[in-house]
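Taking it in order: structure first as structure tokens, then the write-up.
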Amino acid sequence: MIIVSEKNIFSLTNKYYSYVFRVGDGGILEHIYYGSSLINPNNSVSHHYQTHRDGVLHFQGKKNYNLSELPQEYPTFGSTDFRFPAFHCKNSDGNTATVLKYKNHRIIKGKNYLSALPSARGGECSTLIVCLEDNLHKIEVDLAYTIYDNYGVLVRSANIKNNGNNKLELNNIYSSSIDLPASEYEILHLHGSWSRELSEESMIVPSGRFVIESNRGSSSAAHFPFIAVCEEQCNEIHGNIYSSSLIYSGNHSISVEKGEFNDVRLLTGINSFNFNWSLNPGDNFQTPEAVHVYSKNGLRGMSNIWHSFIRDKITPKNFNIKPRPTYLNTWESSYFDIDHQKVLKLADKALSIGLEMIVLDDGWFDRRIDDSSSLGDWYADTKRFPDGIQDLAIQIKRKGLKFGIWIEPEMISTKSELFKKHPDWVLKAPGRIPSLGRNQLVLDYCNADVVNYIFDKLDKLLSGGNIDYIKWDMNRNMSEVGSPVVSAKQQLEVPHRYILGLYSLLNRLTKKYPNVLFENCASGGNRLDLGMLRYMSQSWPSDMSDPIGRLNIINGCSYLFPLDVLSAYIGPSPNHQNGRISSINSRFNAGAFCAAKGISLSDSDIDNNANELAKLINFAKEHATDMIGGSFYRLKKSANVFCWQYITKDKKKCFLLYFHILSGPNEPFQHIKLVELEKNSKYKQTSNGKLYSGNLLMENGFTLPYVSMTNDNKSISYMPKGDFSSKLFVFKKV
């Protein structure tokens, strides 16, 4: 898998891709190739010619050696490369000129785990570590490259060590840099805001630098930490794609730069804006892991690789193959007006329609009657829960249900007992009036005392052994960022130090309570990333629970995430985010391929729709195991149609979901070709018993149901009448 030639050509190769680079004459790591697997990768020829160009500088006096167009592995600034660098730091001379040259390398079986950051699991992989050095200032950089036997994934990171006698100021330290040869590329990225997360956008790579980033303290819904660089004419099933994401939950940056000679540089790492790190002599700094996926089979091939890798190497082992319980969340039934008896009453309703878990949402802790108070005071309101949460959980479990609870442990209300005792425990800039979001501030997770306090509170909550599920929320971005426990000279380190504190807390909790199902939430998808998924088995992708509003969100998620890490529920209609009225069936279908499914409805909504809800919940439970580990396919997306396919892991069932958004008169028929079936097998449509061959469904296709106001022809498959209509088909292999 990893071969190093006598001429110091390095190749990483498996059946999916080859990645090749070498040590150039000047000691610079020169990138050679990244793409489809090669038979003899170490015989790869660099497509870069060293030739005279007017108006360029020659690196360290070497004739025709111009770093401004040379493909590199970890470029720096100050020595003839004027593109944005992977590494940039201020040295003891006060300048930022750095030259990192090859020093040595080693190969290890497996991979190292990062001590303070989440990282991908090892197993059937090898890691190449190449050490670079700036000899003048004694800066050492270890570049780690991990290649897996059975995944088309390359994992990269960098570790910077100060071996000199003077402090360094790190300005930007990207986890990876990949220089792609000149070609026509397009960018696919995901952007949005609250309730409209993960909207996809494609654009031709422009000259200059295109950046997606966050400076909010979280990975953010504005620019999701994922990008795909696609060669021209790429689509779902054809074309070369180079995609990248980051195992990190804070301020990230992924940039694509088209240089003056049309080469393209992809940088992935911590955002260099408003960042600085003081690296004292003898200290080191570890970057997060960047994960790269190459696909020669278009977006579908790319997604398949991401899905299997995230499922097998990122999400917690205890839950990555387990079906999720169906649930009732108390939020839309009661909001803050919740108490012990109301939860028990809801438990009985949950049982009556076949649900398996009750989730007690916001409003359970002391004096929490609205969103203006009590965050940080993680003990039950004695008036509404006189016997405490543990007693409630015991009573719920006696009814045969699991019990879950909502928390927001990174936040503090100014009206709270904790704030009275410790007003210094918040992120704040001295002399500045703090901005509020949902009437709350952010706790200072740079402070070990704060992290220990929260751990003790949550440990007490979980130690009774009666809580099966935690919904971990985070409803505020960072502003006026500063920490009283960090020196004035190091305040730009606060966002990263906060994330390290968060990870230390999550690591302790999830190790102590491996059987508790944690769900990641941040006002929906404001911190949906590989870092959080390393600790939490599922994520709430958006507060948008309207089915039509969710379609783009789920579709965007699917480029990177397997849907078995997502949760969904049937919410109210009219929808609270956009006012849309939709059927119970369509509200269920939008999340049909998500592993975690539930409801959050008022008592009257549950009562009025009890029979339909019971049927849908029974369907969810019947297919709960099916929705873990399968393959998801985007078949069609337009302004008016979404069509998705899902095949179970054992290949015995195929699900087809069709959404028709707005009805119109005299519509044409919609036709779809299914994919990845066994062509010689028969598939029975469960709704009518009709048999199809796999070959027929893939080559001749399947006619989707028709939206009509008459429904008078029994030979035609019809959709429910009107707008926002959907239908879910199940095919079983016979």
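Brief remarks on what is shown
One line per residue, one yes/no per condition, for (1) crowded, with 20+ Cβ neighbours inside 10 Å; (2) touching a residue at least 24 places away in the same chain (Cβ under 8 Å); (3) on the phi < 0 side of the Ramachandran plot; (4) in the same structural domain as Pro75 (by TED's automatic domain parsing):
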| residue | (1), (2), (3), (4) |
| --- | --- |
| Val229 | yes, yes, yes, yes |
| Glu232 | no, yes, yes, yes |
| Tyr248 | yes, yes, yes, yes |
| Leu267 | yes, yes, yes, yes |
| Asn274 | no, yes, no, yes |
| Thr287 | yes, yes, yes, yes |
| Val293 | yes, yes, yes, yes |
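- Residue count, region 511-549 (criterion: in contact with a Lys or Arg (Cβ under 9 Å, 6 or more places away or on another chain) and in a helix (DSSP H, G or I)): 3
- Test for Ile32: is it crowded, with 20+ Cβ neighbours inside 10 Å, among the β-branched types (Val, Ile, Thr) and modelled with pLDDT of 95 or more: yes
- In the set Glu232, Glu260, only one residue is touching an Asp or Glu at 6+ places or on another chain (Cβ under 9 Å), more than 13 Å from Val205 (Cβ to Cβ), of a type in the set (Asp, Glu) and modelled with pLDDT under 95; that residue is Glu260.
- All positions within region 458-472 that are farther than 15 Å from Ile394 by Cα and crowded, with 18+ Cβ neighbours inside 10 Å: Leu458, Ile470, Lys471, Trp472
- Strands (runs of 3 or more DSSP E) wholly inside region 98-212 that include at least 1 residues being of a type in the set (Val, Ile, Thr) and within 26 Å of Leu506 (Cα to Cα): 139-148, 153-162, 168-180
- Matching residues, region 115-153, being of a type in the set (Lys, Arg) and either under 30 Å from Gly78 (Cβ atoms) or surrounded by 23 or more Cβ atoms within 10 Å (Cβ to Cβ) (or both): Lys138
- If you filter region 283-325 down to residues that are polar (S, T, N, Q) and in a loop (DSSP other than H, G, I, E, B), you find that the one that is modelled with the lowest pLDDT is Asn320.
- Residue within region 465-482 that is closer than 21 Å to Asn251 by Cβ and either without any contact (Cβ under 8 Å) to a residue 12 or more places away in the chain or β-branched (Val, Ile, Thr) (or both) present: yes
- Filtering region 81-98 to residues that are surrounded by fewer than 18 Cβ atoms within 10 Å (Cβ to Cβ) and touching a Ser or Thr at 6+ places or on another chain (Cβ under 8 Å) leaves Phe82, Lys90, Ala97.
- Any pair with Cβ under 8 angstrom, 6 or more apart, that starts in region 84-107 at a residue that is assigned by TED's automatic domain parsing to the domain that holds Lys167 and ends at one that is basic (Lys, Arg): Phe84/Arg209; Phe84/Arg265; Ser92/Lys167; Thr96/Lys90
- Residues that are among the small types (Gly, Ala, Ser) number at least 1 in the following strands (runs of 3 or more DSSP E) confined to region 2-49: 9-13, 18-23, 29-35.
- The lone criterion from (1) without any contact (Cβ under 8 Å) to a residue 12 or more places away in the chain; (2) crowded, with 20+ Cβ neighbours inside 10 Å left unmet by Asp650 is number (2).
- Pairs are defined by a Cβ separation below 8 Å, a sequence spacing of at least 6 or placement on different chains, a first member in region 117-137 that is within 14 Å of Ile247 (Cα to Cα), and a second member that is small (Gly, Ala, Ser) and surrounded by 21 or more Cβ atoms within 10 Å (Cβ to Cβ); the pairs so defined are Leu117/Gly531; Pro118/Gly531; Ser119/Ser157.
- Candidates in region 360-402 are the residues that are surrounded by fewer than 16 Cβ atoms within 10 Å (Cβ to Cβ) and basic (Lys, Arg); of these, the one that is nearest to Asp444 (Cα to Cα) is Lys383.
- When each of Ser183, Ser176 is tested for being outside the structural domain of Asn575 (by TED's automatic domain parsing) and more than 24 Å from His238 (Cα to Cα), the lone residue that passes is Ser176.
The values are calculated or read from the model by the stated rules, or taken from the named source; none is laboratory data. Here the structure is a predicted model, which is why all the values come from computation and not from measurement. We place every Cβ from the backbone using ideal geometry, glycine too, and count neighbours over all the protein chains shown.
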